[in-house]
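Colleague: The following block contains the structure, expressed as structure tokens.
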Amino acid sequence: MGVEERRQQLIGVALELFSHRSPDDVSIDEIAAAAGISRPLVYHYFPGKLSLYEAALKRAADELAERFLEPHEGPLGSRLLRVTGRFLGFVDEHGPGFSALMRGGPAVGSSTTNALIDSVRQAAYDQILAHLGVTAPPARLELVVRSWISLAESTALIWLDGRRIPRAELELQLVHDFAALAAVSAAYDDEMALLLGGILADEPADGPFADLLTRLAALAPRAALPS
């Protein structure tokens with residue numbers, strides 16, 4: 001193999017091993033054996049396990065960040081639903097790798113690992129703002145978007161433990177979560193209320209946000225309002 005081809009092979013092998021077991025429990029000898037090369041050759045391409053671990057996390061981070069790319073066409077609710085579908089698709093297909101990226105291992109606390117995780121979060125944040133058509137977000141909008149990204153991360157990690165909720169339902173729920181966070185913020189801020197009004201005005205009757213309104217309306221007769 002060429003140098004870059006061998007490096008990419010080692011990164012793939014390492015990510016697979018690090019995904020299923022704690023990186024502390026995976027030795028360079030195991031990585032070498034899985035790649036079909038000698039231990040010294042691994043060190044020829046990477047100075048140590050930490051650098052190989054970080055390279056494997058970078059591959060996972062790059063692929064995950066790409067899942068947030070979406071054409072700026074159609075209602076926002078449908079766009080978000082496609083994004084959450086690809087996001088949870090990645091989580092479903094590469095669950096241990098996603099956990100390794102978000103929970104880390106021996107590189108936790110290193111500037112490189114933290115930067116990788118932050119790059120995924122920032123990619124998601126930038127994409128959502130672009131879909132909203134906002135370049136200078138007010139404080140409440142920034143709080144809504146970053147809170148939703150954190151919620152999506154934690155929801156995915158919890159879901160991986162047993163996958164007890166059908167994935168399609170969880171994808172829709174995450175879109176509803178975004179709408180709910182925006183609605184609560186709109187109740188306190190006129191600028192957010194104006195933004196939310198524009199989003200809902202473009203929402204078709206069969207869209208994800210309209211579906212949430214229908215579900216909430218169905219709950220209203222059963223809700224006990226405080227006296």
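Quick note: the coordinates plus some simple rules give every number you see, no bench work behind them. Worth saying up front: this structure is predicted, and the values here are computed from it rather than measured. As a convention, Cβ positions derive from the backbone with ideal geometry for all residues, glycine included, and neighbour counts pool all protein chains shown.
Colleague: For the chain, what class follows from the C-alpha gyration tensor (a ≥ b ≥ c being the square roots of its eigenvalues): rounded when a/c is under 1.5, otherwise prolate if a/b is larger than b/c, else oblate? Don't jump to the answer; show the numbers that get you there.
Modeller: Details: a/c = 2.72, a/b = 2.28, b/c = 1.19.
It is prolate, given that a/c is not under 1.5 and a/b is the larger ratio.
Colleague: Okay, moving on. In whole Å, how far is the Cα centre of region 1-61 from that of region 176-191?
Modeller: What the calculation gives is 44 Å, centre to centre.
Colleague: Report the net charge of residues surrounding PRO138, where surrounding means a beta-carbon distance below 12 angstrom and charges are Lys +1, Arg +1, Asp -1, Glu -1.
Modeller: Net charge around PRO138: -3.
Colleague: Can I ask one more? What ranking, highest mean first, results for peptides 36-45, 78-87 when packing means the other Cβ atoms within 10 Å averaged over each residue?
Modeller: Values: 36-45: 14.0, 78-87: 19.8.
Those peptides, ordered most packed to least, come out 78-87, 36-45.
Colleague: Nothing charged except the Cβ atoms of Lys and Arg (+1) and of Asp and Glu (-1): what's the magnitude of the dipole of the chain about its Cα centre? Round to the nearest 20 debye.
Modeller: The calculation lands at about 460 debye.
Colleague: What ranking do 145-153, 157-165 get when scored by the average of other Cβ atoms within 10 Å per residue, highest first?
Modeller: Numbers: 145-153: 17.6, 157-165: 11.8.
Packing proxy ranking, top to bottom: 145-153, 157-165.
Colleague: Report the relative contact order of the chain, percent, no decimals, based on alpha-carbon pairs under 8 angstrom and at least 6 residues apart.
Modeller: Relative contact order, the chain: 20 percent.
Colleague: Taking one equal scatterer on every alpha-carbon of region 1-43, how large is log10 of I(q)/I(0) by Debye at q = 0.18, 0.23, 0.28 1/Å?
Modeller: -0.46, -0.72, -1.00
Colleague: Does region 38-80 classify as rounded, prolate or oblate by the C-alpha gyration tensor (a ≥ b ≥ c root eigenvalues; a/c under 1.5 gives rounded; else a/b over b/c gives prolate, otherwise oblate)?
Modeller: prolate
Colleague: Here is a further query. Starting from the Cα gyration tensor of region 119-227, take the square roots of the eigenvalues, sort them a ≥ b ≥ c, and report rounded, prolate or oblate (rounded when a/c is under 1.5, otherwise prolate if a/b is larger than b/c, else oblate).
Modeller: oblate
Colleague: Where does the Debye-calculated log10 I(q)/I(0) of region 153-204 sit at q = 0.31 Å⁻¹, using only Cα point scatterers of equal weight, no solvent?
Modeller: -1.14
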